[in-house]
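The values are calculated or read from the model by the stated rules, or taken from the named source; none is laboratory data. If you're wondering where the values come from, they're calculated on a predicted model, not measured in any experiment. Here the Cβ is made from the backbone with ideal geometry for all residues, glycine too, and neighbour counts use every protein chain on show. Just so you know, the surface numbers come from the protein's heavy atoms only, side chains and all, with ligands and any DNA or RNA stripped out. Shrake-Rupley method; radii C 1.70, N 1.55, O 1.52, S 1.80 Å.
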Amino acid sequence: MPVFWGVPLIAWIQIILGSGVVLFALIKFLRRPKKRKADGFLIRDVHVIVGDGSELFHQNVLFKDGIIRRISDKTIEDAAAAAIDGTGLTLMPGLIDSHIHIQGGFSCRSEAESDAFLRDRMPQLFSEGVLPYGITTIKDLDAPKHFIYKLRDKLRSGGITGPELLIVGPNFTAPGGHPASTLGSNSPWAKEEMAIEVSTPAQVSEGIRELKQAGVDFLKFTYQGGDYWYFDEKRSIRKIDRELMRQIIREGRENGLQATAHVFYYDDVKELLEAGIYGIEHGILDRDIEPDDPIVALWKASGARFVPTVNAMTYEKDPARLAHSLHNLKVLYDAGIPIAMGTDNMLESMTGEIEHRELAYYVEAGLSPMQAIVLATGNSAAHLGIADRKGLVKEGMEADLILLEKDPAEDISNISFIDKVFLRGKIVFSQNAISSYDIPDYAYPADISTLHYQKTNGTERRRLDVSGYAEKGEITQTLTRDDAIWTEEIFHVERNLSCTRWQYKRPSDQTDLHAQKDGDYIKLSGTFKGKAQHKTFKIGDGLWYQMMEMAMPAFIASEEKQIVFYSIGTGNNRGAMGLGEFAAEKAGEETISVNGSTYDCVKISFVLTAFSWAWTGFYWYDKQTGQLVQTGEKGKNAEKSGYQLWGIE
C-alpha cells in the first residue's frame, strides 16, 4: 500500500472522510435557524381588571422590558414576545399590601440572628409565601432597622427576588410604648432596632434626621396608650405626648416624609386628623361610627388615608373590635375616604393567603368584589405615592400582573385561582400541576372497626369508626376534650382514602361545615365560628386527605416514597378555612412500644409545604395493619409526643 509522508494511503482516506463529516456538521450547525430569545409577553384575548373599577374584555396585552406597551382589542403582532392564550382568563394588577411586618422580632434577638434570617429564610418566604399569592408590592411598617435596610438593598440590587419594598424604619413611640415594650421586649437589641422612644422635641428631630438619612419612604408612630394585649399577656403602654405627635407630623412633612399612625381609639383618631396626619393604620376600634358622625366629615376634609387591617382584628382579645372594624370600614368607604389594603401580616410566620382573606373581609363589610380589588391595587398605589407607575393595567405602567383562571370581580374567593404572577414583566410564579399518585385501594383489617387514641397528657381522646368504610366508604371521627365531645366529623372517601365529601361540627363555637368534591374543585359551605362560609378550592386529581394522618395507611401500601396532599384547616391559626398543602415522606422504620404492646412501624414525616421550616410532624404506623400507633412532632431538642393508640375494637 502506498505511503505518503510516512502515512499509509488508507489512513489519509479516513482522515479526509472524517474531516468532511465534521465540516458538513459544522456548516449545518452554523446555518441552522436561530432560536430567537423571547422578548416580553403577549397575552391574547384576556379579560382585564384595570384596577380603577373598570374592566375590559377580549384584550391583547403586550409588555416588554417590565412595562405594559400596548393594550388593544385589535390584533397585536410581535414575533419576539412569548404568546400566552388568555381565553377565559383574567388579568389584573398585582396586589399591594400597605401594612405588613416582615420580621417582628420573634425570630431574632441579635444582628447575627437577623442576618441569618435574611440570608436563609427571606428568598424562600418571598418565592413561596408572597409572590405565588400575587403580592408584588409591600410596605413594611416596622422591622429591625438593620434587617429592613439590608433587605431593601438586596431587593433593589437583584440579590433577592421579591416584591417592591417600601419602608418606615423603626417606629416613634413614648418610653414604654408600643413597640418598645411589646415587639421589642424579646431583647434589648430588638427594642433598639424597632423603636425610637421619644419624650423631648430634640429626640423627635434627631429621629427624623436619622430616618431621612436612612432613606425611608414614610414615618410611623404609635398613638395609643393604656391596656394592650401582647398575645396572652396584658400590658400597660404609654402614649406619645400630643405635642410630640404634632411635631412628628409637621417635621416629617418638612423633610419630605409623610407620617402614618398606629391607632385604635376614636378620640385619638380625632386628634390625629386635626393634626394633619397622612395615614391612619387600624382605625376606630372602640365604637361604631355612623355616616353623620362629625369625625367622618373631619376625616374627609383632612384628606387622611386609611389602612384598615381587618384580618388582624380577628386575633384581638375583644371580639367587638372586629365588628367595629367591619362596620366602620363600610361607613368610611361610602363617605369617600381614600382606603388602601393593609393586613398587618407577619410574614415570618404567615403567607400571602392573609391578603386574600383581607379582601374577603372587605366584601363581608359590604363592598363589592371589584371595590375590594381597587383598594388593593389602584388605591394602594395612590396611598404609597407610586400611582404613576403601579396599581393599574394600563399602557406605560409597570408589568406587575396577576393572570387568574377565574374572575375575582365575580367572586372575591377567585383571587386564589392564580395561574401566573409577573413581577416587572417576568414570570415569578407559574401554577404547578397538582400531582397525582398511584395509591392502591386500601381495606381495613376485618377485625378492626373502631380505633381509640389518647393524647399522652390525657387531655384529648379520638375515636375513629371505620365500620362503614367497606360498604359505604364512610368513616367517622369524634374528638373528646375533658370527657365532652369537641368535634364530630364524617368522611366519605374513595378506596385510596382520598375524601369526596366531609362534614365537620364543633358546637362550642358554632362551626358546622360541609364540603364536597365537584370535578376539579372542593366546594365548602356552612359556618365557621358563627360566620357563613362559601369557598371553592382547586384540587384536580390531587389527594384530598382531610383525615390527615388517618389517611396514611393507603400511602404506606403504595410504592410512592413521598406524596403531596391537601386538607382544609379548621384550627385557630391563620390557615383556618384555607386549603393547606402538605408533604408526607416515608422516613424509615422503627420499633416502638405503646401501652405495653410493641409495633414494627413505618415512620412518616409531615410538613406544611409553605412552612416546611416551621413544623415537622412524625407519625408511626404498624407495618402489619397499616394503622396509626403514635403521633409526635419535631421539638427544639427532641421529638415531642402527641397521640398514642389506646385500644382497638
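Peptides 430-441, 209-220, 545-556, ordered by how many other C-beta atoms sit within 10 Å of their residues on average, highest first, read 545-556, 209-220, 430-441.
Listed cross-link partners Lys300/Lys406; Lys472/Lys517; Lys139/Lys420; Lys139/Lys517 are compared with a 28 Å cut-off, the Cα-Cα value being larger for Lys300/Lys406; Lys139/Lys517.
Hey, what number do you get for the chain at 222 nm if only DSSP H runs of n ≥ 4 count, each worth -39500 (n - 2.57), divided across all residues, to the nearest 500?
My calculation for the chain gives -7000 deg cm²/dmol from helical runs alone.
Return the label of the correct value of mean projected area of the Cα convex hull in nm², as calculated from the structure shown, out of [x] 34.6; [y] 31.9; [z] 41.2. Matching the structure shown: [z].
What's the magnitude of the charge dipole for region 288-368 around its Cα centre, counting Lys and Arg as +1 and Asp and Glu as -1 at the beta-carbon? Answer in Debye, nearest 20. Show your work: numbers first, answer last.
Numbers: 6 positive and 13 negative charges, 33 e Å.
So the magnitude is around 160 debye.
Give the peptides 316-322, 641-647 in descending order of average Cβ contacts within 10 Å, highest first.
Peptide ranking by packing, descending: 641-647, 316-322.
Among the listed pairs Lys154/Lys191; Lys234/Lys270; Lys538/Lys561; Lys505/Lys623, give every one whose C-alpha distance is greater than 30 Å. Violating the 30 Å limit, Cα to Cα: Lys505/Lys623.
Solvent-accessible surface of the chain, taken per residue with a 1.4 Å probe and all protein chains present: 44 Å². Ranked by the mean number of other Cβ atoms within 10 Å per residue, highest first, peptides 471-478, 274-281 order as 274-281, 471-478. With the Cα gyration tensor of region 487-629 giving a ≥ b ≥ c as the square roots of its eigenvalues, does the rule (a/c under 1.5 for rounded; else a/b larger than b/c for prolate; else oblate) give rounded, prolate or oblate? Here region 487-629 falls in the prolate category.
Please report, as a whole percent, how much of the solvent-accessible surface of the chain comes from carbon and sulfur atoms (probe radius 1.4 Å). Don't skip to the answer; put the middle values down first.
On the way: 14230 of 28600 Å².
Here carbon and sulfur together make up 50 percent of the probe-accessible area.
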